[in-house]
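See below for the structure under consideration.
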Amino acid sequence: MAKMIQKTTAFERFVHLLMAISGLTLLLTGFGFLYQKELGWLNTIFGGIHLAKEIHNWGGIVFIISLVFSLGTWLPECLKWSAEDSKWLGMLGGYLSRDSEPPPQGKINAGQKLAGLAIFGGGVLLAVSGLIMWLTTPTAGWVLLHTIAFLLYAVLVPLHIYMATAANPGTFRIMTRGDIPLYWAKKKHAKWVREIGAE
Amino acid sequence: MPEANVKEKMSGTDVVKRRKGLMVTPDLCIACRGCQTACKQWNKLPGDTTTNSGVYENPPNLTSNLYNQIHFIEKPRDVGIDWLFVRRACMHCGEAGCIDICPAPGALFRTKEGAVVFDKEKCIGCKLCVSACPFDVPRYDENDKISKCTLCADRISNGLTTACSKGCPTGAITFGSRDELISRARKAGFTVYGEKDLEGLGVMFALKADPGAYNLPKPEYKASIALWDSLIRPLSVIGLGAVAAGALLHYLTVGPKDAGPDDASKKGGE
């Protein structure tokens with residue numbers, strides 16, 4: 001058995017799971033509302049459109065709670081930017097070829113930082129516009145803003161899922177168990193391994 | 001059942017030919033508010049408790065129990081004032097943003113006579129119709145369900161006139177075939193507000209002055225709703241599809257970034 005190191009705490013995994021479940025629920029019901037004719041069956045899965053609306057509203061509250069804890073947990077790390085991050089971004093993380101190797105990355109790489117910031121920004125827009133649509137009589141601008149932020153999530157979430165599963169085997173374990181093999185960590189987050197002295 | 005949540009098109013359908021409507025002539029209105037009462041009586045709507053604000057206008061705005069309101073306007077003149085009375089209610093737009101944006105199937109739809117009507121049982125209370133209305137008409141009742149004028153769809157589908165026009169003693173509100181109402185108003189020398197805008201309004205105004213004088217807005221489909229419908233909505237599915245296709249393509253060409261021990265040994269071991 002390879003030597004393992006811990007990348008996430010139980011609390012972090014809980015917060016991520018909370019956001020994943022609520023976020024996917026909101027995304028699916030959202031698609032059901034937006035494409036009622038083509039994707040109305042999504043609402044049926046959630047018990048019909050009336051129940052789907054309640055689930056979307058209250059699921060939003062769960063999402064906001066997870067968003068607040070996520071901000072506290074990961075925003076500082078997302079805001080750290082170094083020369084390695086710029087280099088990583090310049091070669092798109094080496095994802096465009098089989099052989100290219102990105103420079104050593106910190107605890108999360110440049111792509112993860114940008115995705116995280118987009119999730120946070122979009123999440124705040126969704127939360128604010130969503131609460132206004134639910135609790136007040138909204139103007140058309142809030143509806144438009146909610147849909148634009150939804151569009152961002154409709155692209156980011158599947159991208160994030162692909163990158164964290166099929167594109168990088170072994171990553172999914174960070175969300176479920178939290179520990180990763182040391183060789184894996186050295187390869188993907190060499191700078192972080194050095195920083196915590198786990199070599 | 002007509003479907004919401006897609007850009008509804010009325011032109012080219014039978015509705016255009018048999019479309020019914022109202023012609024409102026504010027200059028004939030004496031502000032008796034018989035229409036408000038007749039509407040409440042037919043639709044079994046209770047009265048609202050209001051407070052005296054020093055004007056005759058009452059209630060001061062549309063409510064979930066008031067589908068039809070006479071709005072009082074006072075415009076100062078050199079001597080005295082112009083006192084104008086304008087009926088406020090759903091305009092039954094030919095191009096109805098509320099129908100287009102409604103996410104609940106069958107909650108808002110168009111009848112054969114062209115009326116925009118609602119089904120409270122199907123309404124999910126999201127209030128998007130309010131955001132899409134250019135005339136600030138839909139209201140929500142105490143159960144969070146849409147409430148507004150139906151052009152007395154239950155009466156006109158049975159050959160009756162609307163309750164408000166029936167209760168109007170001066171002919172300020174007349175009901176009939178939309179085309180006839182327009183030609184009659186034209187013959188009488190009026191300019192018709194709402195003849196062509198938004199594919200024609202079901203409720204038109206016969207005016208001799210500028211619509212602005214009657215606080216009537218320019219009938220326009222809200223730009224944000226048009227953008228929502230024509231761009232953002234399709235983009236969300238296109239974006240999702242593009243990511244899925246891109247991911248598949250990436251997996252099959254470049255392939256995953258393995259970080260297994262094999263990988264390390266291939267490079268001579270670390």
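So the values come out like this:
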| quantity | calculated |
| --- | --- |
| Global geometry of region B:14-220, whether rounded, prolate or oblate, following the gyration tensor of its Cα atoms and the 1.5 cut on a/c | oblate |
| Relative contact order (%) - criterion: Cα under 8 Å, at least six apart; region: chain A | 31 percent |
| The protein assembly as shown, helix-only ellipticity at 222 nm - DSSP H runs n ≥ 4, -39,500 (n - 2.57), divided by all residues, nearest 500 | -14500 deg cm²/dmol |
| Contact order relative to length of region B:14-220, as percent, for alpha carbon pairs under 8 angstrom and 6 or more apart | 30 percent |
| Rounded Å value of the spacing that divides the Cα centres of region B:68-89 and region A:113-170 | 47 Å |
| Residues with amide H under 5 Å from that of A:Ile5, placed H, sequence gap 5 or more | A:Ile180, A:Leu182 |
| Restricting region B:172-244 to GluC sites (Glu not before Pro) in coil, as DSSP defines it, with at most 12 other Cβ within 10 Å | B:Glu220 |
| Amide hydrogen neighbours beyond the local backbone of B:Tyr221, cut-off 5 Å, H modeled | none |
| Karplus-derived 3J(HN,Hα), 6.51/-1.76/1.60, for each residue of region B:236-247, Hz, glycine and proline x | 5, 7, 4, x, 4, x, 5, 5, 4, 5, x, 5 |
| Region B:174-231 shape via C-alpha gyration tensor axes, a/c threshold 1.5 | oblate |
| Alpha carbon centroid spacing (whole Å) that separates region B:192-250 from region A:55-90 | 34 Å |
| Sequence-distant residues sharing a close amide H with B:Thr63 (under 5 Å, placed H) | none |
| Nearest-ten-degree value, helix B:178-187 long axis tilted from longest Cα axis of chain B | 50 degrees |
| Under Karplus coefficients 6.51, -1.76 and 1.60, residue-wise ³J(HN,Hα) of region A:65-75 in Hz, glycine/proline x | 4, 5, 5, 4, 5, 4, 4, x, 7, 10, 4 |
| Table column - 3J(HN,Hα) (Hz), region B:34-50, Karplus curve with 6.51, -1.76, 1.60, x for Gly and Pro | x, 5, 4, 5, 4, 4, 4, 5, 5, 8, 6, 9, x, x, 9, 7, 10 |
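Read-outs throughout are calculated quantities, based only on the coordinates presented, and are distinct from any laboratory measurement. Since we're looking at a predicted model, the values are computed, not measured. Counting neighbours? That spans all protein chains shown, and the Cβs are built from the backbone with ideal geometry, glycine included.
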